[in-house]
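No value in this document is a laboratory result; all are computed from the given coordinates. Note that the coordinates shown come from a computational prediction; the quantities given were computed from them, not determined experimentally. Quick reminder, even Gly has a Cβ in these numbers, built from the backbone with ideal geometry, and neighbours come from all protein chains shown.
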Amino acid sequence: LITGPKAFDITPQFDIALKSPGIPPHLEPLRVAQKRGTRFITNMQLFFELVPHKQTIGVTGTKGKSTTTALIHHVLSQHLSDVRLLGNIGLPPLTVLESAPITSQTYFVIEMSSYQLHEFPYSPHIAVLQNIVPEHLTWHGSFEAYVDAKANITRHQSNNDLFLYNSDGEFPTKIANQSQAQKIGFGIRNGRCARQGQQLVFDDQILLSIDDVPLRGEFNLYNVMPALVIGKHFEMTTEQIAAAVRTFQPLAHRLEYVTTINGVEYYDDSLATVPEATVAALEGFRGRSIVLIAGGYDRGVDYTPLARGILNANIRCLILFPTTGNRIETAIHSLSHTKTPPIYHVDNMPDAVNLAARLSQSGDVVLMSPASASFNLFRDYADRSQQYKAAIAALQ
């Protein structure tokens, strides 16, 4: 194990080096080591080289991939004897290989990030692609490079493989048009798996009532649909699939209900690190009065979509963190000077929560959905969430 700034000075001694996927591809010492002949691979690449291709199910997208992955794992676990969850929300890939013997009945459900997919030479047997919006642009260098990395989820598939994609999304659809796999689109508006009234259907067969989805917000229907299709692929009955979905437990930090105090509901959406995720969260509370806590580390994304979502929602007030707080406020004012909700700026979580508690009324929702990364004020999204929950607990 080699760590620290001098790690790349040592790598030329080795033919192959196992690299953390978080190391950006444009890092100069990495490029120099590659020119010297060192081949860099990741633990995910090694995993794909060691496991049977037919037993892999991979999921990616900008937002929703964790919930989608967990749903697929949960549904299949009600039907198959050995389904293993790995990636950001499961075990590390190589740990999974050591956890128990692999048989022909072992299936792997894998959440795959854009870091892991960058220059990745493999695709899973069943690939799922959720929508793509700008994120991690500093790491990838451009949005085009980010989309290109996501495309590796299907780029190496053949017509013996299966590709499920969000057919309401522009970029998943473009990627699907280039895929050699068998393709199934899913979406609210388009796709073989789609919403029809209050039902989710696949090839016009009703699979699930929307009332049975244990997740708030229409956007979560996109996360449910791949699990329905994959359940049918594994010959589960409609009743088995519906029963499995009904028992799914929402993941932490993803529109997670925290508590109710004085008639005010508090929700943690700390993993909403892009504007589109916060807009989706606001739509999930359509008709409710919302105190929104947002803002954070600036990755240079466009906040116009968030400003539009805020103006279209019933926002009692807006509480903003630096540094994107100022950009969010500017985006709102650029669209409207008459519908702008009251805006407050704070620089720590206790102040944000105390202000939200003071300004909210019974029946309101206090929603912490930052539309930004966490790194300027918090260690990471989990630390942001922990501080939010601690500040709420201090109210009681």
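List the pairs from Lys65/Lys174; Lys35/Lys150; Lys35/Lys65 whose alpha-carbon separation is above 23 Å, in the order I gave them. Walk me through the numbers before you get to the answer.
Values: Lys65/Lys174 19 Å; Lys35/Lys150 26 Å; Lys35/Lys65 34 Å.
The pairs that break the limit, which is 23 Å between Cα atoms, are Lys35/Lys150; Lys35/Lys65.
Report the GluC sites (Glu not before Pro) located in the range 48-144 that are in a DSSP loop and have at most 13 other Cβ atoms inside 10 Å of their Cβ, or state none. All intermediate terms of the calculation are to be shown ahead of the outcome.
Numbers: sites: Glu49, Glu98, Glu111, Glu119, Glu135, Glu144; in loops: Glu119, Glu135.
Sparse-neighbourhood loop GluC sites (Glu not before Pro): Glu119.
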222 nm [θ] for the chain, helices only, -39500 (n - 2.57) per DSSP H run of 4+, per residue, to 500? -10500 deg cm²/dmol
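Say R0 is 56 Å: what FRET efficiency, to the nearest 0.05, do Thr247 and Ile16 get from their beta-carbon distance?
On the way: r = 43 Å, r/R0 = 0.77.
Between Thr247 and Ile16 the formula returns 0.80.
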The range 87-119 residues near the modelled His53 label - backbone nitrogen below 14 Å, point 7 Å along Cα→Cβ: none
For 55-63, 372-380, ranked highest to lowest by mean beta-carbon neighbours within 10 Å, the order is 55-63, 372-380
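Given R₀ = 56 Å, FRET efficiency for Arg39-Leu80 by Cβ-Cβ distance, to 0.05?
Values: r = 35 Å, r/R0 = 0.63.
Taking R0 as 56 Å, the efficiency between Arg39 and Leu80 is 0.95.
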P(r) of the chain over all Cα-Cα pairs, binned every 20 Å from zero, in whole percent: 26, 55, 18, 0
Rounded to 0.05, the calculated FRET efficiency for the beta carbons of Ser142 and Thr103 at R₀ = 25 Å is 0.05
